[in-house]
């Protein structure tokens, strides 16, 4: 099968587990300003999160009306740390965001790594043990308003 015959299916949502719903909601609100809505037992105790204000994303073509995010794959190396799926969160100041993560109860894994032409990148662990990362792009991302 060639790539021309495979439709491009966009990523439209992310999910992470939590062990303590309130703790997780407080962490992401304090570290990244996310808002949340707890859906309760009738909806499987799901916690919806909003990561950007309305209108922060650029307009999408009609075929992408649901929106999308881009991603990437990296080679697995058993002897490297943090070999887990993660979400990359755009931040305007990676060092300030690192401090907010620590203040909110998370752990930052090392120092930011400069990715030429892309920005500064660092991995963190949230209060629920999920491994994610932050990126201070060379340009401020539109979804990250200060």
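The values are calculated or read from the model by the stated rules, or taken from the named source; none is laboratory data. This is a predicted model, so every value here is computed, not measured. Neighbour counts are summed over all protein chains in view; Cβ atoms, including those assigned to glycine, are modelled from backbone coordinates with ideal geometry.
See the values below:
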| quantity | calculated |
| --- | --- |
| Subset tally (residues that are assigned to a helix (DSSP H, G or I) and within 18 Å of residue 130 (Cα to Cα)) for the range 86-117 | 7 |
| The lone exception for residue 72 - which of (1) without any contact (Cβ under 8 Å) to a residue 24 or more places away in the chain; (2) assigned to a loop (DSSP other than H, G, I, E, B); (3) over 15 Å from the mean Cα position of the chain (by Cα) it fails | (3) |
| In the range 47-66, residue modelled with the lowest pLDDT [restricted to those that are under 30 Å from residue 99 (Cβ atoms) and outside any strand (DSSP E or B)] | 58 |
| Sole exception among (1) loosely packed, with under 14 Cβ neighbours inside 10 Å; (2) at pLDDT 80 or above; (3) under 17 Å from residue 130 (Cβ atoms) for residue 79, by number | (3) |
